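In what follows, a single structure is set out as structure tokens and then discussed.
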Amino acid sequence: MNESQAYLNKTDEELVILILKEKEVYRYLIQRYGGKLKRYIIRLSGVSQEDAEDILQEVFIKTYRKLNDFDRKLKFSSWVYRITYNETVTYLRKRSRKPRTFNFEINAFMLDALKAGLDIEKDYDRKNLSENVSKIMNELGGKYKEVLVLRYIEDKDYEEISDILKKPIGTVATLLKRAKEQFKKEMEKNNYLLREYV
């Protein structure tokens, strides 16, 4: 096994310990999380690829600077997602005067995860369902969108969502319940409109 493979087989927490001794090891965490976090930023905010890369760069700078403060009792993934969430919100606040259009694109895997998690009716054809889900996710309020993305697309459990959003698990459960209700209500409304005008 070469040195690179040895690093790739280490846990996040093991890599953090190594990075504190050898800063070059940080690139393995960047490789591990770069793609995931960039997709999360885009799903959460609807920013362009270039803007997502700018946010991601800030995330990795901030993460590196704060590695000494990382609480090893937490999961590293929750911690880095929390930093990413904060950086994305900060970026959006700075741009708040500029109009934003969200483009929540959905792939087959995401659609299946949302269908199962939100118990969406089975009688939609796949294309129609994909368009409706994308439209609703784009229009959902931020707090509902973020919990749905974390739970059903990023596949985070309640404890991780709680760590990322810094909200009690009970609040996360309530937000998810309300988000699902809101989502279903919008889905029913869209289905009704579709039946009326088709």
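The values are calculated or read from the model by the stated rules, or taken from the named source; none is laboratory data. These numbers were taken from a predicted model, which means no experiment stands behind them. Don't worry about glycine lacking a Cβ; one is built from the backbone with ideal geometry, like all the others, and counts go over all protein chains shown.
Results, tabulated for the structure shown:
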quantity: Candidates 12, 54 - the one that is within 18 Å of the chain's Cα centre (by Cα), touching a residue at least 24 places away in the same chain (Cβ under 8 Å) and not assigned by TED's automatic domain parsing to the domain that holds residue 135; calculated: 54
quantity: Out of 138, 132, sole residue that is surrounded by 18 or more Cβ atoms within 10 Å (Cβ to Cβ), at pLDDT below 85, in a helix (DSSP H, G or I) and of a type in the set (S, T, N, Q); calculated: 132
quantity: Residue under evaluation residue 114, criteria (1) closer than 21 Å to residue 36 by Cα; (2) crowded, with 20+ Cβ neighbours inside 10 Å; (3) modelled with pLDDT of 75 or more, criterion not met; calculated: (3)
quantity: Test: residue in region 81-96 that is in a helix (DSSP H, G or I), more than 20 Å from residue 145 (Cα to Cα) and in contact (Cβ under 8 Å) with a residue 40 or more places away in the chain; calculated: no
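Here is a yes/no grid of residues against (1) over 24 Å from residue 145 (Cα atoms); (2) touching a strand residue (DSSP E or B) at 6+ places or on another chain (Cβ under 7 Å); (3) assigned to a helix (DSSP H, G or I):
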| site | (1), (2), (3) |
| --- | --- |
| 39 | no, no, yes |
| 42 | no, no, yes |
| 47 | no, no, no |
| 55 | no, no, yes |
| 61 | yes, no, yes |
| 64 | yes, no, yes |
| 68 | yes, no, yes |
| 78 | no, no, yes |
